[in-house]
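Just below is one structure, and these are the notes that go with it.
The values are calculated or read from the model by the stated rules, or taken from the named source; none is laboratory data. Predicted model, so just to flag it, every value in this text is computed and none were measured. Here the Cβ positions follow ideal geometry from the backbone for every residue, glycine too, while neighbour counts run over all protein chains shown.
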Amino acid sequence: MKFSDVLIAVATINMVFVLIIYPLDLAFTSALGLANGYLTSGFVCGLVSASVAGIVFAGKIQESRKVAIAKITVVGGLLNTLLGTIAFFGPANVTYAMQSYNGQYGTLSAWQWALWQALCADMLAFEFVAVLAVTTIIGLYIGSALRKPKKPKKIV
């Protein structure tokens, strides 16, 4: 699988994810509450979007399944780490980091607050990428298995 194919597969996963996340968020949060519904919709959305990409890129993935799935997962993880880290440093998440501090390190200086916020961003990135890796691997495997490779036509 070429690098350009990997990038297009990751873009496909993210595009499908963005297109279906909001309706699933609404459905799951109304049924399960804000925290459980949001987390459930993210997990379901990850599986569905990776499965769609697995179906679309089944031929390329089946050439070297483990390597292709690993490449797509790693590039997707990199993209989501970057986006998650950027998003974390918005005002609402800075407030979250400050409110989640329970004084375990005493009174913090400005530099230590920056380190605490970075630690919170690392935690968030770890959680996102862990869920992304699981859902992407499972979804790509299922999606690529659903679509059988085309058999070459015999020329007589």
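Can you tell me which residue among Ile13, Ile72 is β-branched (Val, Ile, Thr) and in contact with a Phe, Trp or Tyr (Cβ under 9 Å, 6 or more places away or on another chain)?
Just one listed residue meets the conditions, Ile72.
Quick one: in segment 25-35, which of the residues that are over 29 Å from Ile69 (Cβ atoms) and not hydrophobic (A, V, I, L, M, F, W, C) is surrounded by the most Cβ atoms within 10 Å (Cβ to Cβ)?
Only one residue fits best here, namely Thr29.
Can we say Ala118 is surrounded by 10 or more Cβ atoms within 10 Å (Cβ to Cβ), under 16 Å from the mean Cα position of the chain (by Cα), small (Gly, Ala, Ser) and at pLDDT below 85?
no
Which one of the conditions (1) surrounded by fewer than 19 Cβ atoms within 10 Å (Cβ to Cβ); (2) under 25 Å from Met15 (Cα atoms) does Asn80 fail to meet, given that it meets all the rest?
So Asn80 meets the others, but not (1).
Tell me, please, whether a residue that is exposed (fewer than 15 other Cβ atoms within 10 Å of the Cβ) and within 25 Å of Ile20 (Cβ to Cβ) can be found in segment 88-103.
yes
Here are Val48, Val67: which of them is assigned to a helix (DSSP H, G or I), touching a residue at least 24 places away in the same chain (Cβ under 8 Å) and surrounded by 14 or more Cβ atoms within 10 Å (Cβ to Cβ)?
The match here is Val48.
If the requirement is being assigned to a helix (DSSP H, G or I), of a type in the set (Ser, Thr, Tyr) and farther than 22 Å from Thr136 by Cα, which of these qualifies: Thr40, Thr107, Thr95, Thr81?
Working: Thr40 fails: farther than 22 Å from Thr136 by Cα; Thr107 fails: assigned to a helix (DSSP H, G or I); Thr81 fails: farther than 22 Å from Thr136 by Cα.
The unique qualifying residue is Thr95.
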